[in-house]
Amino acid sequence: MWKRLQLVKDNASSHPKTWIAVGIGVAGIVIFAETRRRRRIAIGAHLIGNKEDFGAFLERFELLPFPQPPPPAARLSLAGLSFAISDIFEVKDHLTGFGNPDWRRTHEAAEKTALVVTALLKNGAKCVGRTVMDELAFGITGENVHYGTPLNPQAASCIPGGSSSGSAVAVAAGLVDFAIGIDTTGCVRIPASFCGIFGFRPSHGAVSAIGVLPNSQSLDTVGLFSHDPSVLHRVGHVLLRLNSVEPKRARRLIFADDLFQLSKIPTQRTVQVVSKVIEKLSGYHAPKHVNFGKYIASNVPSLKGFCEVSTNLQNGILTLKALSFAMVSLRSNFCYHAILIRYEFKSNHEEWIKSVKPKLGPDVSDRVYAAIKTTYENIKALYKVRTEMRASLQSLLKDDGILVVPTVADPPLKLHTKKWLSSEFLDRTLALTSIASMSGCCQVTVPVGKHNDCPISVSFLSFHGADKFLLDTVLDMYLCLQEQVSFASNSLPLPDTNGSMDASELLKEKGNAAFKGRQWNKAVNYYTEAIKLNGTNATYYCNRAAAYLELGCFQQADEDCSKAMELDKKNVKAYLRRGTARESLLRNKEAIQDFKHALVLEPHNKVANLAEKRLRKLLS
């Protein structure tokens, strides 16, 4: 190398032009390298966004609305509104990334714009950019290892929810008036709940998916976010091409009591708030109550094929776990995406995965390659479950019914939570989201304030094709709902009052007699009256918990047992009954601790021993 440089030096001393040529060459190399470096930085900044937009945007651009027709034409219905789109909608001459850089790198710019985006532009709205999403729409947390996790404006230390995380965050932060994403297993409803905004999953097939990258076309639905119910209503009408006028009809709200047992949110913040609204508004029938899981067990016989051997279909919540298993494989913490999604994802993208071998985040990679490697038998049974689910919802709701359910069971997880720590979170969340996903029915997530500094919500769900009826109902209820939310937020629970000990004991004995006669509701009422007279007796709470267990009111049983333990730390029955309640609520890790504690107090307790062994085997 040194000899070559010496040769250049000797030649250059006699030929000065050589130095000029060398200098120009070196300068060219330096300029080329610097240009590439700056270009990479610019592209990175362009794609990933910044903290000012809460990390919501992947790419900023403007698609201007179609021109306003001249008078006397009416003003375009969405004029003046701005919106964002998830990285799954095609825009002419733009790359669609599907949440993954290798997808963006290996695909050409779109030749046409998605029909849903065009419809919004035609009606006067302006698109301002593309938002971050989970890779390949495989996830419900909203985290993306390539582009970062959008910051939840309502709970900065928590996940925003996904897969349409960026769209939800853009709305929650007030960056746009509304946004669209894809809802497959809850990918609009979950982030709407976690970010404290409205989320609308239309009836399956009601909104065109042309120009939208498919994940699982049997479940994929174009969904909508907004922080204003009137905007949700207006945009919903545009997407669904609805008539603005329709005769008003009475509404019948049905509360899924067993599903609210899954929720960790006190019912006075959800069920009671909605009940008060119904009382105050005209045009609403008296609310009904249903054990939804047991209803599905009786009306969707094909679900039996998706139940684990130990599952008793009379336990309604386990029935919903079977439903979510038909949609989502829950047998492995790292392999929870849908059986149906796996099958259809493989059909759509197997060739690309095998040829490109894209760089994927660890959890996404596990799920994607599990989908590609899996063979599928009896796939027709999955489609049969869908058909039966839709028919069962139609039968329950008829033409005036709305099912009231919790959107999610838990508050949002903290950022960077390990997936193995959140398997119960997934079980409980997907048991709820699978109802609309597997039936194809429409659902609206409605924010109802905060609990422990995290947004909370309820969901209204109606039969397939009842989208206008559902949107009209949400708009009709919301002002009154806001008043009740404010009242509930500022109210304090009433303390227990003490009274005559003899009278409370008499009520307890009446409760015991009703319990033995299998009159569970009557027993609950007697024990409740006893507690009002003497709120310091652990037995009263423990006995009422036993009656609640028979009624399937697992959350109330859990709370009563916890109160009994505060009063008597050696109450074995309280640990056994709370363990049973938590197992029924799919909180298996907590349940096993209760059974273990019962064994510490009574080492030879057969019930605790069998339950502890059963759960240990299940968790392993």
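The values are calculated or read from the model by the stated rules, or taken from the named source; none is laboratory data. The structure displayed is predicted, hence computed values, not measured ones. FYI the Cβ positions are ideal-geometry reconstructions off the backbone, even for glycines, and counts take in every protein chain you see. Calculation scope for accessible area: heavy atoms of the full protein, side chains included, ligands and nucleic acids excluded. Shrake-Rupley method; radii C 1.70, N 1.55, O 1.52, S 1.80 Å.
Of the residues making up the range 347-367, those that are open to solvent by 50 Å² or more (accessible area, probe 1.4 Å) and not in a helix (DSSP H, G or I) are LYS357, LYS359. Among the residues of the range 379-403, write down those that are closer than 23 Å to SER347 by Cβ, open to solvent by 90 Å² or more (accessible area, probe 1.4 Å) and in contact (Cβ under 8 Å) with a residue 12 or more places away in the chain. Answer for the range 379-403, where residues must be closer than 23 Å to SER347 by Cβ, open to solvent by 90 Å² or more (accessible area, probe 1.4 Å) and in contact (Cβ under 8 Å) with a residue 12 or more places away in the chain: just LYS384. So, THR141, is that one assigned to a loop (DSSP other than H, G, I, E, B), open to solvent by 10 Å² or more (accessible area, probe 1.4 Å), modelled with pLDDT under 95 and within 21 Å of SER423 (Cβ to Cβ) or not? The answer is yes for THR141.
Six or more apart or on different chains, Cβ under 8 Å: which pairs go from a residue in the range 193-205 that's among the polar types (S, T, N, Q) to one that's assigned to a helix (DSSP H, G or I)? Could you list them? Partner pairs satisfying both residue conditions: SER203/ASP467. Restricted to the range 572-620, the set of helices (runs of 4 or more DSSP H) holding at least 2 residues that are more than 19 Å from ALA557 (Cα to Cα) and not small (Gly, Ala, Ser) comprises 588-601, 606-619.
Yes or no, residue by residue, for (1) more than 18 Å from LYS384 (Cβ to Cβ); (2) touching a helix residue (DSSP H, G or I) at 6+ places or on another chain (Cβ under 6 Å); (3) modelled with pLDDT under 90:
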| site | (1), (2), (3) |
| --- | --- |
| SER263 | yes, no, yes |
| GLN272 | yes, no, no |
| ILE278 | yes, no, no |
| HIS285 | yes, no, no |
| HIS289 | yes, yes, no |
| ALA297 | no, yes, yes |
| LEU313 | no, yes, yes |
| LEU320 | no, yes, yes |
| PHE325 | no, yes, yes |
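In contact (Cβ under 8 Å) with a residue 60 or more places away in the chain, on the phi > 0 side of the Ramachandran plot and either out of contact with any Leu (no Cβ under 6 Å at 6 or more places or on another chain) or surrounded by fewer than 24 Cβ atoms within 10 Å (Cβ to Cβ) (or both) - does that describe any residue in the range 255-273? No: zero hits.
Scanning for something on the phi < 0 side of the Ramachandran plot, touching an Asp or Glu at 6+ places or on another chain (Cβ under 6 Å) and hydroxyl-bearing (Ser, Thr, Tyr), does the range 581-594 turn up at least one residue? No: the range 581-594 contains no residue that is on the phi < 0 side of the Ramachandran plot, touching an Asp or Glu at 6+ places or on another chain (Cβ under 6 Å) and hydroxyl-bearing (Ser, Thr, Tyr).
Taken over the range 560-595, the criterion of being basic (Lys, Arg), over 14 Å from CYS542 (Cα atoms) and free of Cβ contacts under 8 Å to residues at least 60 places away in the same chain is satisfied by ARG582 alone.
Let's see how each residue does on (1) open to solvent by 30 Å² or more (accessible area, probe 1.4 Å); (2) in contact (Cβ under 8 Å) with a residue 40 or more places away in the chain; (3) assigned to a strand (DSSP E or B):
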site	(1), (2), (3)
PRO411	yes, yes, no
PHE425	no, no, no
ARG428	no, yes, no
LEU432	no, yes, no
PRO447	no, yes, yes
PHE460	no, yes, yes
PHE469	no, yes, no
THR473	no, yes, no
MET477	no, yes, no
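Assess whether ARG587 counts as being open to solvent by 10 Å² or more (accessible area, probe 1.4 Å), closer than 18 Å to PHE425 by Cα and at pLDDT below 95. Spelling it out, ARG587 is indeed open to solvent by 10 Å² or more (accessible area, probe 1.4 Å), closer than 18 Å to PHE425 by Cα and at pLDDT below 95. Whether a residue is part of a helix (DSSP H, G or I) and either modelled with pLDDT under 95 or under 29 Å from GLY517 (Cα atoms) (or both) was assessed, and LYS563 passes this test.
Residues in the range 165-198 that are touching a Pro at 6+ places or on another chain (Cβ under 7 Å) and either closer than 14 Å to VAL231 by Cβ or open to solvent by 10 Å² or more (accessible area, probe 1.4 Å) (or both): 5 in all. Of the helices (runs of 4 or more DSSP H) contained entirely in the range 499-554, those carrying at least 3 residues that are more than 40 Å from the chain's Cα centre (by Cα) and without any contact (Cβ under 8 Å) to a residue 12 or more places away in the chain fall at 501-516.
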